[in-house]
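Below: one structure, written as structure tokens.
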Amino acid sequence: MSRLKVLSVVGARPQFIKAFPVSDALRRDHDEVLVHTGQHYDESMSGVFFDELAIPEPDYNLGVGSGGHAAQTAEMMTRLDAVVADEEPDVVLVYGDTNSTLAAALVAAKRDPALAHAEAGLRSHNWAMPEEVNRVLTDHCSDLLFAPSESAAETLASEGIRDGVSVTGDVQYDAVLRVREAARERSSILDGLDLRDGEYVLATVHRAANTDNRDRLEGIVEGLVSSELPVVFPVHPRTEGALEASGLWSRLADAENVVLVEPVGYLDFVRLLDGAERVATDSGGVQKEAFYLDTRCLTLRDETEWTETVDAGWNALVGADAAAIRAALADDDPLPEKPSLYGDGSAAERIVAALSEYEYA
């Protein structure tokens with residue numbers, strides 16, 4: 001097995017989480033160049049993950065920051081293109097469905113390195129979501145596609161993508177398994193918030209489809225304030241701005257059952273999610289983490305890429321409808337037995353094995 005040079009690109013919170021088990025496995029036998037695009041540039045949204053997860057410091061921090069989709073993606077492409085030209089990697093490895101993912105995919109597709117996509121084959125079938133555009137285009141550019149489940153591989157096959165596909169399991173499962181016990185041992189957030197396991201609801205809202213639509217945001221707010229259990233709500237910066245602009249901030253801030261907190265580090269977040277009676281979220285990653293941590297989930301979207309969790313009865317799609325959210329928060333029917341859907345926690349090793357076995361030009 002020859003030693004590879006892998007250029008890994010991350011830029012947003014879920015990618016930092018997915019990257020650390022893969023980086024650990026990669027660096028045993030290969031050389032990794034880690035690039036942080038700066039898509040999430042606030043310390044609470046990015047730097048903390050490098051500290052808590054012991055991810056190596058990025059070799060490059062492009063500092064792109066926020067902006068419109070076209071401008072942000074274009075700026076990332078310009079800066080990433082220079083890095084790829086200088087480093088001449090064998091393969092560019094991307095994660096998920098962000099603008100950082102698409103920018104790196106397009107750069108790799110127009111240069112010599114192979115392109116590898118972790119979390120390939122996921123579909124919401126909603127082309128109004130920028131993430132759907134990003135993931136579909138990335139898959140169709142990729143040479144190696146790492147599907148987290150058999151159904152994701154079947155989706156790729158239905159689109160004519162069969163070569164280079166490996167069912168590896170989900171790297172986020174790897175990450176959660178590694179972090180869960182550390183979070184229980186090291187996090188004191190429950191004590192700090194005077195909470196007990198199983199006696200609160202965790203909420204996260206950040207997707208533009210919810211934050212930029214006042215009617216949807218109001219429906220979510222009204223649903224959350226109806227909860228009989230306390231609702232712990234780490235507020236994403238975009239969400240805070242949207243709540244204030246729409247006049248809904250005071251509705252949450254004045255609600256006796258809602259605890260608004262600043263964004264928390266990953267260990268604290270895993271502890272909150274692990275201890276929650278259930279979670280209400282519009283995050284794809286949190287849906288999976290909830291499933292891995294045996295936490296009931298209600299998803300504040302009209303569709304999900306993680307359809308298997310819904311089919312298994314562990315995830316309810318409630319959209320932004322206040323009545324549906326209220327009903328899901330009050331549902332106390334027992335959960336069905338949980339199936340094994342996304343591998344056994346060794347996805348990172350399978351990804352590295354597939355990278356090692358690929359025949360590079």
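Read the figures in this text as sums done on the coordinates, not as results from a lab. Computed from a prediction, not measured in an experiment: that's the story for all the values here. Cβ placement follows ideal geometry from the backbone for every residue including glycine, while neighbour counts extend to all protein chains displayed.
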Inset, instruction - Test each condition in (1) under 23 Å from the mean Cα position of the chain (by Cα); (2) farther than 30 Å from ALA322 by Cβ for ALA157 and report the one that comes out false. - result: (1)
Legend entry - From VAL310, VAL352, residue being under 30 Å from LEU7 (Cβ atoms) and outside any loop (DSSP other than H, G, I, E, B): VAL352
Inset, instruction - Could you please find all residues in the range 303-326 being over 24 Å from ALA128 (Cα atoms) and surrounded by fewer than 15 Cβ atoms within 10 Å (Cβ to Cβ)? - result: ALA323
Legend entry - Filtered residue count, the range 153-175, keeping only those that are in a helix (DSSP H, G or I) and under 19 Å from VAL352 (Cα atoms): 6
Inset, instruction - Pick out the one residue from ALA128, ALA108, ALA118 that is under 20 Å from the mean Cα position of the chain (by Cα) and buried (at least 24 other Cβ atoms within 10 Å of the Cβ). - result: ALA118
Inset, instruction - Can you tell me which residue among GLU256, GLU244 is assigned to a loop (DSSP other than H, G, I, E, B) and either among the hydroxyl-bearing types (Ser, Thr, Tyr) or without any contact (Cβ under 8 Å) to a residue 40 or more places away in the chain (or both)? - result: GLU256
Legend entry - the range 327-338: number of residues that are within 12 Å of LEU224 (Cα to Cα) and surrounded by fewer than 18 Cβ atoms within 10 Å (Cβ to Cβ): 2
